[in-house]
1. For the chain, what % of the accessible area comes from carbon and sulfur atoms, probe 1.4 Å?
2. Please give the peptides 86-95, 172-181 ranked by average Cβ packing (other Cβ atoms within 10 Å per residue), highest first, as a rough proxy for protection.
3. What is the distance, in nm, between label points placed 7 Å from the Cα along the Cα-to-Cβ direction at I7 and at K19?
4. Please sort 72-81, 15-24 by packing, taking for each peptide the average over its residues of neighbouring beta carbons within 10 angstrom, highest first.
5. Based on the alpha-carbon gyration tensor of segment 72-131 and its eigenvalue square roots a ≥ b ≥ c, which shape applies: rounded if a/c is under 1.5, prolate if not and a/b is larger than b/c, or oblate?
6. Magnitude of the Cβ-charge dipole of the chain, K/R +1 and D/E -1, about the Cα centre, nearest 20 debye?
7. At 1.4 Å probe size, with every protein chain present, just tell me what the per residue accessible area of segment 26-151 comes to in Å².
8. Using a 10 Å cut-off on Cβ atoms, rank the peptides 29-42, 117-130 from the highest mean neighbour count down.
Amino acid sequence: ITIGQVIEPRVLKDWEDLKNFEPPKKISKGRFWLGKLMFKIAGNSKFKMGSIDNFFFERFHFLRGFRNICIDIKKNKDKLMELGEILVDWYCWLIDEWAKLGADGIIATDDWGAQSGPFISPRDFDKVIKPLYQKVIDRIHKYKMYFILHSCGNIYSIIPKLIEVGVDCLQIDSPLMTGLNKLGEFSGKICY
């Protein structure tokens, strides 16, 4: 009903369900009408941003459930990467479509943090998430677009990882949770 944490997954209850999983159809007709209108109104004088919606971690736990995903990162990395590759293909198609419309940047949301730190360790981020992020962000940069990532929570320990994969700008709703002085350490490397 909401986009909060999924307790009982309905899509990928177990990894056997991955055999039948299909992302949304790649049909642009009707999907980008508002973006087209807004971009036309904005013209070339405004920064135009397309959205690829919820990014990998959020999409994973929407499909598998939050608890399952936290376990999968440790115990089912291969299956998670298989799902990730399906999503890479989907996200890259969306990026291609936004590029055709003239987007200057792409935004995605991936809430990584709780109050005291991220949901997964920086090491697990490197093993599972970083390669997936890299493929999508490389596609964005291929079009000379910027990538803006929204994340809530204290994400201090993974900000260096986000910089490494090419996140251009972080939109964080809780900068005090991470610490403004700590965020200053990354000055000149990433925008906020």
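1. The computed percentage sits at 54.
2. The packing order, highest mean first, is 86-95, 172-181.
3. Taking the simple label geometry, I7 and K19 are separated by 3.1 nm.
4. 72-81, 15-24
5. It is oblate, given that a/c is not under 1.5 and a/b is not larger than b/c.
6. Value, rounded to 20: 440 debye.
7. Normalised by residue count, the accessible surface of segment 26-151 is 50 Å².
8. Final packing ranking: 117-130, 29-42.
The values are calculated or read from the model by the stated rules, or taken from the named source; none is laboratory data. A quick note: this is a predicted structure, and the numbers were derived from the prediction, not measured. In this analysis, Cβ positions are derived from the backbone assuming ideal geometry, glycine residues included, and neighbour counts consider all displayed protein chains. For the accessible areas, the whole protein counts, side chains as well, though only heavy atoms, and no ligand, DNA or RNA atoms are used. Shrake-Rupley method; radii C 1.70, N 1.55, O 1.52, S 1.80 Å.
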